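The values are calculated or read from the model by the stated rules, or taken from the named source; none is laboratory data. It should be emphasised that the depicted structure is a prediction, and the values quoted were computed from it without experimental measurement. Cβ: placed from backbone, ideal geometry, glycine included. Neighbour counts: every protein chain shown. Surface areas here come from the heavy atoms of the whole protein model, side chains and all, with no ligands, DNA or RNA. Shrake-Rupley method; radii C 1.70, N 1.55, O 1.52, S 1.80 Å.
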Protein chains: 2
Amino acid sequence: MRATTLEETDRDTVLLDTAVTEALRGPRGANPLVGAVITAPDGTVLATGHHRGRGTDHAEVDALAAYRRRAGQESLPPLRDCTIHITLEPCDHHGVTGPCSRAILDAGLGAVRYAVPDPTGPDDGGAARLAWHGVDVVQVSGHHGAAQLNRRWHRARMEGRPFITAHLAQSLDGRVAAADGTSQWITGGPSRRHAHEVRARVDAIVVGTGTVISDDPRLTARDAVGADLDRQPLPVVQGLREIPGQAALRRADWLHVRTRSPQQVLQTLADQPPQRPVRHLLIEGGPTVLSAWIAAGLVDELFLYQAPLALGDGAPGLTALGVQTLTDARHFDLDPADGGSIRRLGRDVLLHLTPLDHPCDQEDHVHRNHL
Amino acid sequence: MRATTLEETDRDTVLLDTAVTEALRGPRGANPLVGAVITAPDGTVLATGHHRGRGTDHAEVDALAAYRRRAGQESLPPLRDCTIHITLEPCDHHGVTGPCSRAILDAGLGAVRYAVPDPTGPDDGGAARLAWHGVDVVQVSGHHGAAQLNRRWHRARMEGRPFITAHLAQSLDGRVAAADGTSQWITGGPSRRHAHEVRARVDAIVVGTGTVISDDPRLTARDAVGADLDRQPLPVVQGLREIPGQAALRRADWLHVRTRSPQQVLQTLADQPPQRPVRHLLIEGGPTVLSAWIAAGLVDELFLYQAPLALGDGAPGLTALGVQTLTDARHFDLDPADGGSIRRLGRDVLLHLTPLDHPCDQEDHVHRNHL
């Protein structure tokens, strides 16, 4: 590995920007977002790729596949003369898919530039193996976009817990039920389908005892026509109350964790047998449960579905967050990953949010509301 | 005036679609949204125009100006061979600007197609005058987009009241203050600037006594650097409590209407001296006042500013709307007018909404929320 020149650095920055944009097309979850760009010796972009979530090709492999599809149609420079820019160091381990270091060597790619070191540790990264095999491999450090791309994913990993997604479907005025408790038709069909796509990604879904008792959810992941998918998340009920014997979520596997504490739920999930690790967790609510996870700083990604209606009364979607005064508010950022930060789903609006760690840095965020 | 052929009708529909899209670029308020399209004899669009709000050119005049700018650069067919499609019948009265029927006659336009009759009454519309002067003028009836364009504006006019815009700046969880009552920095600078643009359009601003006592707003319309604009809305305070003698809104003109009833506020405003009619009213809050206007069906347009933060406690932005059960919810539609239905303003998200009159027609809006 060697140092790069200033001109190379500028080009690297631009290409890593492209790789970050590509990475943001993927969904967040058990795996980090990764994007890759393959360029010709003259800098022309020949192919891009990104990771589409657990069990699918890694970004490098996806980009190589795109290169090969294109090479079947037209004449491209050979891969030995090409460079791949990747937002993350290629992996060197066998997970669900093979190691990317192997794929890059097999493809004969001439040069590799990556931004963030493999988070599984210095011995596991693929850069050393690539260099040992004579590939021109350089870490391009200091790329802000690549470093930020998986900020919460790295944090979850550092804390030894799953990546945690939360779901909240509410009215414009932040309520999840009307005054009489009716709650089941707030958001529309397209929002429900999106929520099932999210369910299909996760290993387990947490709901409170109150939700089980009032709504009796099945907590299954279903396809567009309502049929159960093959791979189903583990239903986890959090709370002190008893679960009715005929509850719909009593399936082959389910858990009741008799606690109000998110940390205790995580501990229980960590102690599960290793055949079915919980690496991506979905918090569906209700309000008490969801608020406890947000208050604990344990929500990495929030899907906020807003139905275009107002109720004026009824249960709010979020309750005690431990916020007494405005400066202690829980701040979020719009998250551009996975289809964009703001989406219309039928008549609803979906906000895709990620918690902001340092709201005080956001100076433009401070003004008098009524003047 | 004569009947049109089927082929003409198809072309009229397409051109009125374009005129509606054009109209939606304007702001809602005292005047209806209007769009216009001028086409060559072969159907080519030569110019478009729209109304940008009270005191600015009407859509026909705006389109004629666009035609003339273009005609100064290139050779265009003369206006006598051209057709103008307008979403609304040209006016025939002198308001702030001259009558559009006159402008069309002066320009020598050969043909006029309009969708919706002039709402000021059968004697006031410009179509009859245009026909009398030999212009080929036809009302194209049944254009849904044009009919819907000013649905709430027509309703306000029919009810003999101003067009009513409402403003609500809240957290993601629908709160306008934290548990300790702090409320003044919820949304950011770009949202505040937008709110001042809206203030600059209106004739009067309604706030509750509670807002005056807690926030002491000036209720002035200010430009981007914070300087007061020449034309200022009338501050109107609604409620039973006394207004402090040093309240910032005690300016040359202001009103205190000692009532909780929106209808009584409207009555008082209707009885004001005619030099300063209130044709566009802004409801700024707080929650009790805003909820009363929404519950009375008197909000035509809602700007909902959402700051990306959660509070979990504190005053909700909407309170009693008279909704007991979910099927009685107050439904809204996203309003594409005036810059779009969903906008990012700095870190905030602005939803532009209009009340939906018949939510039961929206079948896709009904599903079970948790399954």
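What the table shows:
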| read-out | value |
| --- | --- |
| Magnitude of the charge dipole, region A:140-208, Cβ model with Lys/Arg +1 and Asp/Glu -1, debye to 20 | 280 |
| Binned Cα-Cα distances of chain B, short to long, each 20 Å bin given as a whole percent | 26, 51, 21, 1 |
| Shape parameters for region A:160-362, alpha-carbon atoms, Rg then Dmax in Å | 16.4, 50 |
| For residue B:319, solvent-accessible area (1.4 Å; no DNA, RNA or ligand), Å² | 40 |
| For residue A:24, solvent-accessible area (1.4 Å; no DNA, RNA or ligand), Å² | 40 |
| Interface B:A - total buried accessible surface [probe 1.4 Å, Å², rounded to 100] | 6400 |
| Label-point separation, residue A:342 to residue B:264 (7 Å along Cα→Cβ), nm | 3.9 |
| Whether region B:6-149 is rounded, prolate or oblate, judged on the alpha carbon gyration tensor where a/c under 1.5 counts as rounded | rounded |
| Inter-copy spacing of residue A:119 label points, which lie 7 Å from Cα along Cα→Cβ, given in nm from shortest upward | 5.4 |
| Per-copy distances of the residue B:78 label point, shortest first, in nm (7 angstrom along Cα→Cβ) | 7.2 |
| Inter-copy label distances at residue B:227 (7 Å, Cα→Cβ; nm, one decimal) | 6.9 |
| Top positive-direction residue, dipole computed over chain B with Cβ charges, set B:225, B:176, B:127 | B:225 |
| Chain B, closest residue to the rotation axis toward A, by beta-carbon, whole angstrom | B:174, 1 |
| Residues residue B:184 and residue A:158, FRET efficiency given R0 of 30 Å [Cβ-Cβ distance, rounded to 0.05] | 0.25 |
| At R0 = 45 Å, FRET efficiency that the Cβ-Cβ distance of residue A:40 and residue A:231 yields, to 0.05 | 0.70 |
| 222 nm mean residue ellipticity, helices alone, for chain B (DSSP H n ≥ 4; -39,500 (n - 2.57); rounded to 500) | -7500 deg cm²/dmol |
| D_trans [Stokes-Einstein, Kirkwood Rh over alpha-carbon pairs] for region B:99-196, 37 °C, 0.692 mPa s, µm² s⁻¹ | 184 |
| Span-rule helices in chain A, defined as complete DSSP H runs reaching 15 Å or more along the axis (Cα) with Kyte mean at least -0.5 | A:6-23, A:59-71 |
| Sulfur and carbon atoms: percent of accessible area, chain A [1.4 Å] | 51 |
| Bridge type composition, region A:160-362 - antiparallel percent by DSSP, nearest 5 | 40 |
| Most to least accessible of A:186, B:213 (protein chains only, probe 1.4 Å) | B:213, A:186 |
| Rounded accessible area per residue of region A:160-362, 1.4 Å, Å² | 37 |
| Per residue solvent-accessible surface (Å²) - region A:6-149, probe of 1.4 Å | 44 |
| Share, in percent, of DSSP beta bridges within chain B that are antiparallel, nearest 5 | 45 |
| Using a Förster distance of 22 Å, the FRET efficiency for residue A:357-residue A:21 (Cβ separation, nearest 0.05) | 0.45 |
| 10 Å binning of all Cα-Cα separations within the protein assembly as shown, expressed as whole percents from 0 upward | 3, 13, 19, 19, 19, 16, 9, 3, 0, 0 |
| Antiparallel %, DSSP beta bridges [both residues in the protein assembly as shown], to 5 | 45 |
